[in-house]
Amino acid sequence: LHIERQDVELVHVVHHIDRAGDRPRMGLFFRARTWTGEPELREPDKCTQWKFWDPAALPDNLVSYTRQAIAKIQNGDLYSETGWRT
């Protein structure tokens, strides 16, 4: 697989923490400008399948920070946070 920088666009960053005491994480979400081939599942211990979903009909069991990031991308927001105590 060979990806050129111009083939992808960073569209959202989410800074999240799942539970109190967990290490914070950054999720980076990219939009592919060009695509060939089929997605390949390379982390079966972390992901059950690759599938293209309509953002208006996402599966119920979608990871919450991913759901939030998709909503923010649709709003044009580049950054969000989730799981932090305020």
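For this structure, a couple of remarks:
- Under Karplus coefficients 6.51, -1.76 and 1.60, residue-wise ³J(HN,Hα) of segment 67-84 in Hz, glycine/proline x: 4, 4, 4, 4, 4, 5, 4, 5, 8, x, 7, 7, 9, 8, 10, 8, x, 7
- Relative contact order of the chain, pairs being alpha-carbon contacts under 8 Å that are 6 or more residues apart, as %: 39 percent
- Potential extension, CYS47-GLU4 segment - 0.36 nm per residue separation minus Cα distance: 13.0 nm
- Residue-averaged 222 nm ellipticity for the chain, from DSSP H runs of 4+ at -39500 (n - 2.57), nearest 500: -4500 deg cm²/dmol
Any read-out appearing in this document is the output of simple, stated calculations on the displayed coordinates, not a laboratory observation. None of these values were measured; they are calculated from a predicted model.
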